[in-house]
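Worksheet: the structure to be examined is printed underneath.
FYI, it's all coordinate maths here, none of it is from the lab. Owing to the predicted nature of the structure, the values given are computational and were not obtained by experimental measurement. Cβ sites come from the backbone with ideal geometry, for glycine too, and all protein chains shown count toward neighbours.
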Amino acid sequence: MTTTPPNSESSEGVRDLPKQPKRILVADDEHLVAAGLIAALKDLKYKVIGPASDGEQAIKQCRSDRPDLAILDIRMPGIDGLAAAETIYNEFQIPVVMLSAYSDPEYVSSGNRIGVFGYLLKPVSRDQLRVGLEVSWSRFLRQHELSDEVNSLRERLEHRKVIEQAKWIIVKRKGVDEPEAMRMLQKQARNGRRPLVDVAQSVIESESLLGD
């Protein structure tokens, strides 16, 4: 969200993200808290996954059911909420909202580094839940957009390097000036109905085969 989305076997390319989350995982080892959250979420028209009773189960359910967002209690047996949040975000690119009875600044600082996009303090009212989820999802969407922009810029720079390299190969091989070499590349791309970068890559590969 600015963290670049990690590459992993579980993150199958860029997800198509809805304007609002629809499927939400709940993980809390306190049955009454989990039941209250589920009731409030259903009242807000969300589809609920869970509840998971600990961090390990939350991770497994994210792997199998792929919710849009996860609400995790910080203090759970075994794998705690923060550790589970880090795995859930890194492996599945699922944003997490932390739930806690404690407003510890250390939790906030840790969570900001590992894919936590919001915090809810117990007990959570229906309106607090609605607003908290809306704000957290908006933050996630914005980070996703920024990551896409960074990736797009990186791709354009890589394409430019390839085209520049191919252009200077043509300058050397054909004895033409730089603008003419670019026109030759562009003409070949138009005639072959191929992206300019693909034509440039072919020129570079031919140069590698021919040698100096």
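With R₀ set to 22 Å, the beta-carbon distance separating Glu134 from Lys47 gives a calculated FRET efficiency near 0.85.
Relative contact order of region 156-210: what whole-number percent is it, with Cα pairs under 8 angstrom and at least 6 residues apart? Answer for region 156-210 is 44 percent. For Leu69, the residues whose amide H sits under 5 Å from its own are Arg23, Leu25, ignoring neighbours fewer than 5 places away on the same chain, with H placed 1.01 Å from N. A straight Cα-to-Cα reach below 30 Å connects Lys22 with the lysines Lys42, Lys45, Lys47, Lys60, Lys122, residues fewer than 8 places away in its own chain not being considered.
Note on region 156-210: Cα-Cα pairs beyond 17 Å make up 28% of the total pair count. The lysines whose alpha-carbon is closer than 21 Å to the alpha-carbon of Lys161, local same-chain residues fewer than 8 away aside, are Lys172, Lys174, Lys187.
Qualifying trypsin sites (Lys or Arg not before Pro) in region 39-68, where qualification requires a DSSP coil assignment and no more than 16 other C-beta atoms within 10 Å, comprise Lys45. Apply 1/(1 + (r/R0)^6) to the Cβ-Cβ distance of Asp177 and Arg154, taking R0 = 41 Å, and write down the FRET efficiency to the nearest 0.05. For Asp177 and Arg154, the calculated efficiency is 0.85. For region 42-63, the residues whose amide N sits under 15 Å from a probe point set 7 Å from the Cα of Lys22 along the beta carbon direction are 45-49.
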